[in-house]
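So the structure is just underneath, and the comments pick up after that.
The values are calculated or read from the model by the stated rules, or taken from the named source; none is laboratory data. Fair warning: this is a prediction, and the values are worked out from it, not measured in the lab. Cβ sites come from the backbone with ideal geometry, for glycine too, and all protein chains shown count toward neighbours.
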Amino acid sequence: MDSNAGFFRSTRQRSASWATVGLMFLLLALVSQSAHAGLMAKYERPDIYVQQIIGDTQTGATAPKWGMDFTAYDAVTDVLKLKGSATLLKLPSGTDVNLKLGSGSSGPAAFTLEATIDENGILGAGMFSINGVQEDDSLVTVPLLTGTLTKVEYDFNGPGRIEFLANSLNGELQPVFGSEVVIAMNKFTDAVSFATSFFAMGAEADIGRPVPEPTSAIAWLCGLAALGMRRPSRHRH
């Protein structure tokens with residue numbers, strides 16, 4: 001009788017352990033899938049909205065559109081070069097601030113980004129900048145936000161997305177964003193891979209704070225698995 005009870009108890013413990021391990025791997029797969037899908041950005045305030053992003057390499061690596069060179073990425077030089085219009089700053093307080101070029105121009109603030117990325121999608125170096133003013137276009141144009149690109153993620157399925165992590169931030173808006181931002185761009189409809197050149201015309205971007213790395217989630221899952229696989233000690237009387 002005791003032998004049968006011990007057998008069933010041991011079987012239940014093993015089943016629970018394997019169920020825990022299975023759950024751990026499932027959640028780890030979901031975390032990994034999210035990371036590779038290029039989901040670094042939160043899309044929450046604070047946020048800078050950038051529109052009308054076009055290619056600016058001027059290398060002629062892609063066919064001209066309406067007689068103009070909108071090449072964004074040149075696969076020969078491995079250079080990605082973009083420019084666009086930063087139009088709106090969304091503050092955590094709920095206030096929206098119009099961004100303008102300034103120095104007498106009422107046009108939008110200027111967004112630029114340049115990076116070297118090899119055919120395998122590995123980032124070499126890069127930087128971005130937003131120059132302009134907040135609301136009052138009579139003010140002198142200043143750097144609103146600048147930074148160094150340190151990481152790239154991309155997904156060329158569907159709308160075509162490229163995201164950069166940037167740190168070493170400077171500029172008037174640096175206190176709003178802190179130590180790093182994610183530049184989440186989409187609508188690269190011509191992009192297939194970094195092995196071939198592609199153009200950009202009308203892409204958009206949101207610049208905001210990054211999602212925390214999933215390190216804490218992984219540590220929690222490993223701890224859960226360890227607890228699940230522990231076999232309770234047997235007390236003999």
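What the table below lists for this structure:
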item	result
Residue among Leu80, Leu91 that is modelled with pLDDT of 95 or more, surrounded by fewer than 16 Cβ atoms within 10 Å (Cβ to Cβ), over 21 Å from Val140 (Cβ atoms) and within 22 Å of the chain's Cα centre (by Cα)	Leu91
Hits in region 38-60 (condition: part of a strand (DSSP E or B) and either among the hydroxyl-bearing types (Ser, Thr, Tyr) or at pLDDT 85 or above (or both))	Asp47, Ile48, Tyr49, Val50, Gln51, Gln52, Ile53, Ile54, Gly55
Selected residue (only one of Glu172, Glu153 is at pLDDT 95 or above, of a type in the set (D, E, K, R), surrounded by 14 or more Cβ atoms within 10 Å (Cβ to Cβ) and in a loop (DSSP other than H, G, I, E, B))	Glu172
Meets criteria (touching a residue at least 24 places away in the same chain (Cβ under 8 Å), farther than 18 Å from Ile207 by Cα, buried (at least 20 other Cβ atoms within 10 Å of the Cβ) and in contact with a Lys or Arg (Cβ under 8 Å, 6 or more places away or on another chain)) for Ala61	no
Those residues of region 175-210 which are surrounded by fewer than 15 Cβ atoms within 10 Å (Cβ to Cβ) and either in contact with a Gly (Cβ under 6 Å, 6 or more places away or on another chain) or not in a loop (DSSP other than H, G, I, E, B) (or both), in sequence order	Pro175, Gly202
